[in-house]
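Peer 1: Sharing a structure, written as structure tokens. Questions coming.
Every read-out reported here was derived from the displayed coordinates using simple, explicitly stated rules and does not represent laboratory data. Computed from a predicted model, the values in this text were never measured in an experiment. Cβ sites come from the backbone with ideal geometry, for glycine too, and all protein chains shown count toward neighbours.
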Amino acid sequence: MNSFQAIILAIIEGITEFLPVSSTGHMIIASSMMGIQSQEFVKLFTVSIQLGAILSVVVLYYKKFFQSLHFYFKLLVAFIPAVIFGLLFKDIIDSLLESPLVVAMSLVIGGVVLLFVDKWFNKSAIDKTEEITYRTAFKIGLFQCISIIPGVSRSASTIIGGMSQKLTRKNAAEFSFFLAVPTMFGATVKKIYDFYQDGYIINNKEFQLLAIGNIVAFIVAMLAIKYFISYLQKNGFKLFGWYRIIVGLIILILLSSGFDLRIV
């Protein structure tokens, strides 16, 4: 991996981490097209730069993060299911992270769901984070577990989970952002630990790439979050649904025709 590739992946991460389009799926496709998807450092990089993206949430919503202990406890309750599923299915998850086919299918299926989600869950009553109960937080955490499948989108699954529990679109999206902080932090720590356990060591060049990636992801994610909340309140999820379907179908067509996504 070189600096240019690192910046491209970081931009993709920053744009897609909080949109319901799957940041992991997009980075798998991008890294596959660059021919670097199987490199161990690239796998570490695509997870680790999520730290930069989630830091943007802390900065934008810093008042929420210093509001009350109940806020942290709710995030912890919602975070627990992902920890359990992540540990139980680690090997399966790692094997799926190199599969453009899995990503494409997940994008299409998730896109179809997003076309109808506004109609399915249109009786929202909870518009403040303080109104979210521990039971509701846990249920949203269960929805997050679905996102262990590349292409599903952690953001999409948790937002849909929130809306199914009568959260408004805005509140569901914001709680999804908040939940990303412990989830992505935990995933990064675990990935770095596994990286060293497998005998790999981050050299100076790789450390610089991680620094660049996190900085770029942080800046881009701040812009993406502001845009997403504004757009979501006015227009809902249909645009993201159609985007997912179109991208997924293009990938499926390319794969079925024998096209090699590794173009360099």
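Peer 1: Can you give the percent of C-alpha pairs in region 67-195 whose distance is more than 22 Å? Could the numbers behind the result be given before it?
Peer 2: On the way: 3047 of 8256 pairs.
So the pairs more than 22 Å apart make up 37 percent of the total in region 67-195.
Peer 1: Let me ask another. Towards the positive end of the charge dipole of the chain, with charges on Cβ (+1 Lys, Arg; -1 Asp, Glu), say which of Phe121, Pro100, Phe71 has the farthest Cα.
Peer 2: Value: Phe121.
Peer 1: Calculate one ³J(HN,Hα) per residue across region 70-81 by plugging θ = phi - 60° into the Karplus curve 6.51 cos²θ - 1.76 cosθ + 1.60, and present them in order as whole Hz with x for glycine and proline.
Peer 2: 4, 4, 5, 5, 5, 5, 4, 4, 6, 7, 4, x
Peer 1: What angle, in degrees between 0 and 90 and rounded to the nearest 10, separates the Cα long axis of helix 154-164 from the longest principal axis of the Cα atoms of the chain?
Peer 2: Taking the Cα atoms of the chain, the angle to 154-164 is about 20 degrees.
Peer 1: Translational diffusion coefficient of region 185-264 at 20 °C, 1.002 mPa s, Stokes-Einstein with Kirkwood Rh over Cα pairs, in µm²/s as a whole number. Kindly include the intermediate steps, with their values, before the conclusion.
Peer 2: Numbers: Rh = 16.8 Å.
It diffuses with D of about 128 µm²/s by this estimate.
Peer 1: Next question. Round to the nearest 10 and give me the degree value, 0 to 90, for the angle of helix 134-145's Cα axis relative to the longest principal axis of the chain.
Peer 2: Rounded to the nearest ten degrees, it is 30.
Peer 1: How many percent of the alpha carbon pairs in region 29-130 exceed a separation of 20 Å? Display every interim value, and only then the final one.
Peer 2: Values: 3334 of 5151 pairs.
More than 20 Å apart: 65 percent of the Cα pairs in region 29-130.
Peer 1: How big is the charge dipole of region 119-264 about its Cα centre, in debye rounded to the nearest 20, if each Lys and Arg gets +1 on its Cβ and each Asp and Glu gets -1 on its Cβ? Don't jump to the answer; show the numbers that get you there.
Peer 2: Details: 17 positive and 8 negative charges, 125 e Å.
That gives a dipole near 600 debye.
Peer 1: Which percent of the Cα-Cα distances in region 3-256 go past 30 Å? Walk me through the numbers on the way to the answer.
Peer 2: On the way: 6907 of 32131 pairs.
Of all Cα-Cα distances in region 3-256, 21 percent exceed 30 Å.
Peer 1: Once label points are set 7 Å from the Cα along Cα→Cβ at both Ile109 and Phe89, what is their separation, rounded to one decimal in nm?
Peer 2: Distance between the two pseudo-spin positions: 1.0 nm.
Peer 1: Quick one: among Leu55, Leu223, Leu19, which has the greatest mean-square fluctuation in a GNM of the chain with alpha-carbon springs under 10 angstrom?
Peer 2: Looking only at Leu55, Leu223, Leu19, the biggest GNM fluctuation is shown by Leu223.
Peer 1: Another question, if that's okay. When the chain is treated as a GNM, springs tying every alpha-carbon pair under 10 Å, which of Ser164, Ser230, Ser22 comes out with the largest mean-square fluctuation?
Peer 2: Between Ser164, Ser230, Ser22, it is Ser230 that shows the largest mean-square fluctuation.
Peer 1: Which residue, Gly151, Gly199, Gly186, tops the fluctuation ranking in a GNM of the chain built on C-alpha contacts under 10 Å?
Peer 2: Taking springs between Cα atoms under 10 Å, the residue moving most is Gly199.
Peer 1: Same structure, new question: Which FRET efficiency, nearest 0.05, do Asn203 and Trp120 yield, Cβ-Cβ r, R0 45 Å?
Peer 2: Working: r = 49 Å, r/R0 = 1.09.
The value I calculate is 0.35.
Peer 1: Another question about this same structure. What is the distance, in nm, between label points placed 7 Å from the Cα along the Cα-to-Cβ direction at Leu255 and at Gln233?
Peer 2: Simple spin-label model gives 3.8 nm for this pair.
Peer 1: Mind checking the dipole of the chain: about its Cα centre, +1 per Lys or Arg Cβ, -1 per Asp or Glu Cβ, Debye to the nearest 20?
Peer 2: Working: 22 positive and 15 negative charges, 199 e Å.
Dipole size: approximately 960 debye.
Peer 1: Going by C-beta contacts inside 10 Å, put Trp120, Trp242 in order with the fewest on the left. Please list the in-between numbers first.
Peer 2: Values: Trp120 11, Trp242 14.
Exposure proxy ranking, most exposed first: Trp120, Trp242.
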